[in-house]
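The values are calculated or read from the model by the stated rules, or taken from the named source; none is laboratory data. These numbers were taken from a predicted model, which means no experiment stands behind them. Backbone-built Cβ (ideal geometry, glycine too); neighbour counts: all protein chains shown.
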Amino acid sequence: MVELTDVRKSFGSLEVLRGVSLRVRQGEVAVILGPSGSGKSTLLRTINHLEKVQTGTVEVDGELLGYRRSGDRLHELPEREVLRQRTRIGFVFQNFNLFPHLTVRENVAEAPRSAQRRPRAEVDALADRLLDRVGLAEKADAYPRTLSGGQQQRVAIARALALEPKVVLFDEPTSALDPELVGEVLEVMKDLARSGTTMLVVTHEIGFAREVADTVVFMDEGLIVEQGPPSQVLDHPRHERTRAFLSKVL
Ligand code: ADP
Ligand code: MG
């Protein structure tokens, strides 16, 4: 479902991704671990083309992102096409990024309304279904600021699902939450995973990784150092850097 091939990305002279290849199959959950600054967020951002890669390719559901192939050459797609591709990839941010001036229902309905121009009644019904799924049906008419952080993040997850994405990317979805609110967000994510959603999750929640991940990916300094099932990477890491990292977060 998601395939990165030798992706390299620099900011000026700083090479942040130094040749990352990764494949996540349909319905799989990949958890990405690694120290701060190792390139995890940049990796997720390349997947929905918020960052352009210098070399390498990103494919989602068999479709090359940002480019059209002709023979051996890649041609950049027009912005309109990139936006269309991005609608098939859900993104959940650390800081929720809800629209403060819209109600919860309007937040969830916004993308289907503006990207797909679907009728109001239809997108409202869709939003209500998704809010029910994350346990927030009764908050549909509330504004984000009146919700707890955990509730806001659950709205953000509902919003990320609104365009029926092929894959949902999570960038430290619980890092900004008070500890007692982390569980409710992880529960919603576990439910998504169980229902077969393809997910890439950057998180330090090792318990979540152990329980839900099909693959755990450990990154350091712009490279995937090691990758495998949770029982291998978390309990029998092969690399010293993975061991050192785990000893700090466990
Ligand atoms: P992580 O999410 O693992 O903490 P990031 O992908 O956010 O790491 O960042 C990796 C490195 O790239 C860091 O050194 C960061 O400072 C740098 N970086 C990230 N985004 C930018 C940017 N837009 N411009 C310049 N440097 C950036
Ligand atoms: Mg990050």
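Quick rundown of the values:
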| item | result |
| --- | --- |
| Subset of the range 117-129 (residues that are in a loop (DSSP other than H, G, I, E, B) and modelled with pLDDT of 95 or more) | none |
| Criterion violated by residue 197 - all others in (1) buried (at least 18 other Cβ atoms within 10 Å of the Cβ); (2) within 13 Å of ligand 1 (Cβ to nearest atom) satisfied | (2) |
| Residue satisfying condition, being surrounded by fewer than 20 Cβ atoms within 10 Å (Cβ to Cβ), over 26 Å from residue 214 (Cα atoms) and more than 16 Å from ligand 2 (Cβ to nearest atom), within set 25, 88, 69 | 69 |
| Residue that is surrounded by the fewest Cβ atoms within 10 Å (Cβ to Cβ) [pool: residues in the range 28-56 that are more than 15 Å from ligand 2 (Cβ to nearest atom) and within 12 Å of the chain's Cα centre (by Cα)] | 30 |
| Residues (of a type in the set (S, T, N, Q) and under 26 Å from residue 161 (Cβ atoms)) located in the range 197-250 | 197, 198, 203, 215 |
| Pair list, Cβ < 6 Å and 6+ apart or interchain, from the range 33-59 residues that are touching a residue at least 60 places away in the same chain (Cβ under 8 Å) to residues that are in a helix (DSSP H, G or I) and within 8 Å of ligand 1 (Cβ to nearest atom) | 34/40 |
| Selection from the range 207-250 of residues that are touching a strand residue (DSSP E or B) at 6+ places or on another chain (Cβ under 8 Å), under 30 Å from residue 132 (Cα atoms) and more than 16 Å from ligand 1 (Cβ to nearest atom) | 208, 212, 213, 214, 215 |
| Number of the exception - residue 238 against (1) more than 18 Å from residue 28 (Cα to Cα); (2) in a strand (DSSP E or B) | (2) |
| The one condition in (1) under 22 Å from residue 171 (Cβ atoms); (2) surrounded by 15 or more Cβ atoms within 10 Å (Cβ to Cβ); (3) touching a helix residue (DSSP H, G or I) at 6+ places or on another chain (Cβ under 7 Å) that residue 127 fails to fulfil | (1) |
| Hey, residue 99 surrounded by fewer than 22 Cβ atoms within 10 Å (Cβ to Cβ) and within 16 Å of ligand 2 (Cβ to nearest atom) or not | no |
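Yes or no, residue by residue, for (1) in contact with a Pro (Cβ under 7 Å, 6 or more places away or on another chain); (2) among the charged types (D, E, K, R); (3) surrounded by fewer than 17 Cβ atoms within 10 Å (Cβ to Cβ):
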residue	(1), (2), (3)
8	no, yes, yes
62	no, no, yes
80	no, yes, yes
92	yes, no, no
